[in-house]
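Bear in mind these aren't lab numbers, they're just calculated from the coordinates by the rules spelled out. Computed from a predicted model, the values in this text were never measured in an experiment. Please note: Cβ atoms are built from the backbone with ideal geometry, for glycine as well, and neighbour counts cover all protein chains shown.
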Amino acid sequence: MKTNIVWLQRDLRLADNPALHEALQQAEQTIIVYIHAPQELAPWQPGAASRWWLHHSLEALQQAITSLGAKLIIRQGPSLHTLLGLCSESKADAVYWNQCYTPQAIRRDQAIREALTSCGVSHHCYNGSLLHTPGSILNKEGKPYRVFAAFWNAAQGLGLGQTPLAAPQRLADNDLHFESVASLRLLPKIQWDNGLRQHWRPGAVNAHKQLYRLCDEILNPYPEARDYPAIEGTSRLSPYLAFGELSPGQVVAALLDTFMNCAIHGNACDSFMRQLGWREFAHHTLYHFPEASDQALNSRFAQLPWQNNPSLLKAWQQGRTGYPIIDAGMRELWHTGWMHNRVRMIVASFITKNGMIPWLLGARWFWDTLVDADLASNSFNWQWVAGTGLDAAPYFRIFNPIRQSQKFDKQGCYLRRWLPELAALPDEYIHTPWQAPANILNASNIRLGIDYPRPSLDLAMTRRNALASFDAIKSKLNKHSS
């Protein structure tokens, strides 16, 4: 009997899974395997929030596979040693997997391919996480795109609307030994995850529920609503995409079906598609520039005068900077493992531009606390905000947290939710509590510096300093080039 192994990684689903689909077509028995080997992803092993999600995602996948008559074989790495052992145990003829495109995974997979070949086991790799395989979208010079608009136009020109693959209806069982999800010890020892449990339901079934909700309720007002953190105007699909419980192809298919069959304005569909395109651009960028997770993509800014300010970094992490929109966002992150997209930009701009804290420290904090932590997107977005990415223009874009708060949370609903100590302040002062008269603060039971901190830095001065740092680098470069 011909036997194939399907090695799952960040593709924890049964539907629209190219590796699984092909393996099932080519053998009488297919063994589905998850190998836990976080050390192979160093220095970017999954953070605490990601481990929480992974635990519950694996449990959901295990249940789905059991319902089809088989079981998920869970083993702990190293991946190469484990795969070779499984091939020997099961007499498997081939190993199938969907590729991850991080630098660490690419190096590991190359070694695994070579080892499997030397042992006489065939290997088959697929793209199951992106709309297009990295390296397939290049400009006329055969180089990677450095500007999103041109990249996304080219990506759309190659087509986006492929029909998702169906999930199997039945799977053959096996008698291989497997470990429990609990044995991976992914959950925290100290119970800090109550907020995650309240806000999230991992697993492919819940991913599709959220996708249906996007199409039914969120999509039409999405272009405008997505900017307002107090309302649920974003898709909240990012963790499901990050863990592969949902493929981008499934999202595109659902969007196109909704657009064709419902009264959805084309602008709404296009607006959300661009978010998928931005994710795609981030992954393709990391593929072409593997140093991007740790180094400035734009080498001109590698020598920016970053500051060592542990007290400011800690205040930012704890949501105690004295700027309400910053603190609300950071507390939302800590409590839920997620943060509204616009607020992510505001808090990142604050710590890198006003605080001049290295973007990598911010990226590390997000990596540990986000349930949707994804190396390509996390690195790309932090570099974009910090101004060290492919496009230098964002360096001039320094978000003013007060104006952003007043514009996108005018009545302070988001602020009051995450900063209950400020809830009694009138709308006029909730964005700038330090400007409230003493009688208003007293009536609101707020003692600045005790109940809520005073501003941790001067926005105007730090903005001038940041721009001056950029000008100094630019002048230095111009002098060397002349």
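Under the Karplus relation 6.51 cos²θ - 1.76 cosθ + 1.60, θ = phi - 60°, what is the ordered set of whole-Hz ³J(HN,Hα) values for region 401-413, x standing for Gly and Pro?
With coefficients 6.51, -1.76 and 1.60, one gets x, 5, 5, 4, 5, 5, 7, 9, 9, 3, 8, x, 5 Hz.
Mind checking the angle between helix 459-481 and the chain's longest principal axis? C-alpha axes, 0 to 90 degrees, to the nearest 10.
Result, in degrees: 70.
Between the helical axis of 324-336 and the dominant principal axis of the chain, each derived from Cα atoms, what acute angle in degrees is found, rounded to the nearest 10?
30
So what's the angle, to the nearest 10 degrees on a 0 to 90 scale, between helix 204-213 and the longest Cα principal axis of the chain?
The angle comes out near 50 degrees.
Among 138, 8, 64, whose Cα projects farthest towards the positive end of the dipole of the chain, with charges put on the beta-carbon of Lys, Arg (+1) and Asp, Glu (-1)?
My answer, from the dipole projection, is 138.
Distance check, please: which entries in 71/91; 407/474; 143/474; 314/474; 353/474; 209/410 exceed 28 angstrom between their Cα atoms? Before the final figure, lay out the partial values.
Values: 71/91 18 Å; 407/474 32 Å; 143/474 26 Å; 314/474 31 Å; 353/474 16 Å; 209/410 31 Å.
Checking Cα-Cα distances, 407/474; 314/474; 209/410 exceed 28 Å.
Give me the extension gain from residue 423 to residue 307: residue separation times 0.36 nm, minus the current Cα-Cα distance, reported in nm with one decimal.
Details: separation 116, 0.36 × 116 = 41.76 nm, distance 3.34 nm.
Taking residue 423 through residue 307 to full extension adds about 38.4 nm, to one decimal.
How about region 42-139: which trypsin sites (Lys or Arg not before Pro) there lie in a loop by DSSP and see at most 13 other Cβ atoms within 10 Å? Each step should come with its number before you reach the end.
On the way: sites: 51, 71, 75, 91, 107, 108, 113; in loops: 71, 91.
Hits after loop and neighbour filter: 91.
Please list, short to long, the whole-number percent of alpha-carbon pairs of region 3-128 in consecutive 5 angstrom bins beginning at zero.
With 5 Å bins starting at 0, P(r) equals 2, 10, 22, 25, 23, 12, 5, 1.
With unit charges on the beta carbon (Lys/Arg positive, Asp/Glu negative), name the residue among 382, 398, 158 whose Cα is farthest towards the positive pole of the charge dipole of the chain.
398
What are the GluC sites (Glu not before Pro) within region 151-246 that DSSP puts in a loop, where the Cβ has at most 15 other Cβ atoms within 10 Å?
179, 232
Per DSSP H run of n ≥ 4, the term is -39500 (n - 2.57); total these for the chain, divide by its residue number, and report the mean residue ellipticity at 222 nm rounded to 500 deg cm²/dmol.
On the way: 21 runs with 230 residues, N = 482.
Counting only the DSSP helices, I get -14500 deg cm²/dmol.
Nearest 20 debye, what's the magnitude of the dipole of region 1-109 about its Cα centre given +1 on Lys and Arg Cβ and -1 on Asp and Glu Cβ? Don't jump to the answer; show the numbers that get you there.
On the way: 9 positive and 9 negative charges, 44 e Å.
Approximately 220 debye in magnitude.
Tell me whether region 345-416 comes out rounded, prolate or oblate; compute the Cα gyration tensor, take square roots of the eigenvalues as a ≥ b ≥ c, and use a/c under 1.5 as the rounded threshold. Mind dumping the intermediate values first?
Values: a/c = 2.09, a/b = 1.32, b/c = 1.58.
Oblate.
Quick one: putting +1 on the C-beta of Lys and Arg, -1 on the C-beta of Asp and Glu, what dipole do you get for the chain around its Cα centre, in Debye to the nearest 20? If you can, show how the numbers build up before the last one.
Values: 45 positive and 39 negative charges, 281 e Å.
I would put it at about 1360 debye.
Please report, to two decimal places, log10 I(q)/I(0) for region 299-481 at q = 0.15 Å⁻¹ as given by the Debye formula with identical point scatterers on the Cα atoms and no solvent.
Debye intensities relative to I(0), on a log10 scale: -0.86.
Starting from the amide H of residue 126, placed 1.01 Å from N in the peptide plane, find each other amide H under 5 Å away whose residue is 5 or more places distant or on another chain.
For residue 126, the qualifying residues are 97, 98, 99.
Go through 413, 324, 53 and say which Cα lies farthest out towards the positive end of the charge dipole of the chain; charges sit on Cβ, +1 for Lys and Arg, -1 for Asp and Glu.
Looking along the dipole axis, the top candidate is 324.
For a quick check of your reading of the filter: which GluC sites (Glu not before Pro) in region 1-44 sit in a DSSP loop and have no more than 13 other Cβ atoms within 10 Å?
Details: sites: 22, 28, 40; in loops: 28.
When the GluC sites (Glu not before Pro) of region 1-44 are filtered for loop state and at most 13 Cβ neighbours within 10 Å, 28 remain.
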